[in-house]
Amino acid sequence: MFASADLDKDLTFTIGELQYSYDAYDADNDGVVSRTEYTTFTAHLNPEMFALTHALYDIYDSDKDDVLTLYDFNALYKLMDTNENGRVSEKEYIHWWTVTLEALDHLHHP
C-alpha cells in the first residue's frame with residue numbers, strides 16, 4: 001500500500017499525495033467526498049471490501065459531518081505523522097494502517 005501511495009517514490013507520503021487521493025475520490029468535483037463517492041471508488045475493484053470502506057469513511061470523517069473535506073484529510077494526515085515533521089515515513093504509514101485494520105478486523109472475522 002505504501003508504494004502505491006508514495007507517488008513520487010521518495011520514500012515518504014506527503015500531504016500532496018494524500019490530496020491526490022482526495023481528488024480522485026471526489027467524482028463530481030464539488031470539493032467534498034460523499035460516502036457514496038468514497039465507497040464506490042474504493043470497493044469498485046474489491047466489492048468484498050464494502051463494509052470496510054464504510055468503517056474507514058467513519059474514521060476519516062473526523063468532524064462527523066457526513067462528508068469528507070480537506071479538513072478531514074488533513075486531520076488524517078496529522079494522525080499518521082506521529083513525529084509531526086510534516087512527512088509520513090513508510091514506518092508511520094504502516095503503523096497507522098496496522099492499528100486501524102486490526103481495530104476493524106471484526107468486519108472480516110465476526
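Computed values, structure above
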read-out: Yes/no for Ile15 being surrounded by 15 or more Cβ atoms within 10 Å (Cβ to Cβ), farther than 15 Å from Met1 by Cβ and aliphatic (A, V, I, L, M); value: yes
read-out: Output for the stretch 1-39, where each listed residue is without any contact (Cβ under 8 Å) to a residue 40 or more places away in the chain, in a loop (DSSP other than H, G, I, E, B), within 22 Å of Asp58 (Cβ to Cβ) and not polar (S, T, N, Q); value: Asp26, Ala27, Asp28, Asp30, Gly31, Val32
read-out: Residue that is more than 19 Å from Ala5 (Cβ to Cβ) and surrounded by fewer than 16 Cβ atoms within 10 Å (Cβ to Cβ), where the choices are Glu48, Glu90; value: Glu48
read-out: Sole residue being surrounded by 12 or more Cβ atoms within 10 Å (Cβ to Cβ) and more than 15 Å from the chain's Cα centre (by Cα), chosen from Leu107, Leu70; value: Leu107
read-out: Flag for Tyr93 being in contact with a strand residue (DSSP E or B) (Cβ under 6 Å, 6 or more places away or on another chain), hydroxyl-bearing (Ser, Thr, Tyr), without any contact (Cβ under 8 Å) to a residue 40 or more places away in the chain and on the phi < 0 side of the Ramachandran plot; value: no
read-out: Members of the stretch 40-52 that are in contact with a helix residue (DSSP H, G or I) (Cβ under 8 Å, 6 or more places away or on another chain) and part of a loop (DSSP other than H, G, I, E, B); value: none
read-out: Single condition His54 does not satisfy, out of (1) touching a strand residue (DSSP E or B) at 6+ places or on another chain (Cβ under 9 Å); (2) surrounded by 13 or more Cβ atoms within 10 Å (Cβ to Cβ); (3) of a type outside the set (Lys, Arg); value: (1)
read-out: Scope the stretch 53-69; condition part of a helix (DSSP H, G or I), in contact (Cβ under 8 Å) with a residue 12 or more places away in the chain and either of a type outside the set (Phe, Trp, Tyr) or in contact with a Ser or Thr (Cβ under 9 Å, 6 or more places away or on another chain) (or both); matching residues; value: Thr53, His54, Ala55, Leu56, Tyr57, Ile59
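Values in this text are rule-based calculations from the coordinates and carry no lab data. It should be emphasised that the depicted structure is a prediction, and the values quoted were computed from it without experimental measurement. Don't worry about glycine lacking a Cβ; one is built from the backbone with ideal geometry, like all the others, and counts go over all protein chains shown.
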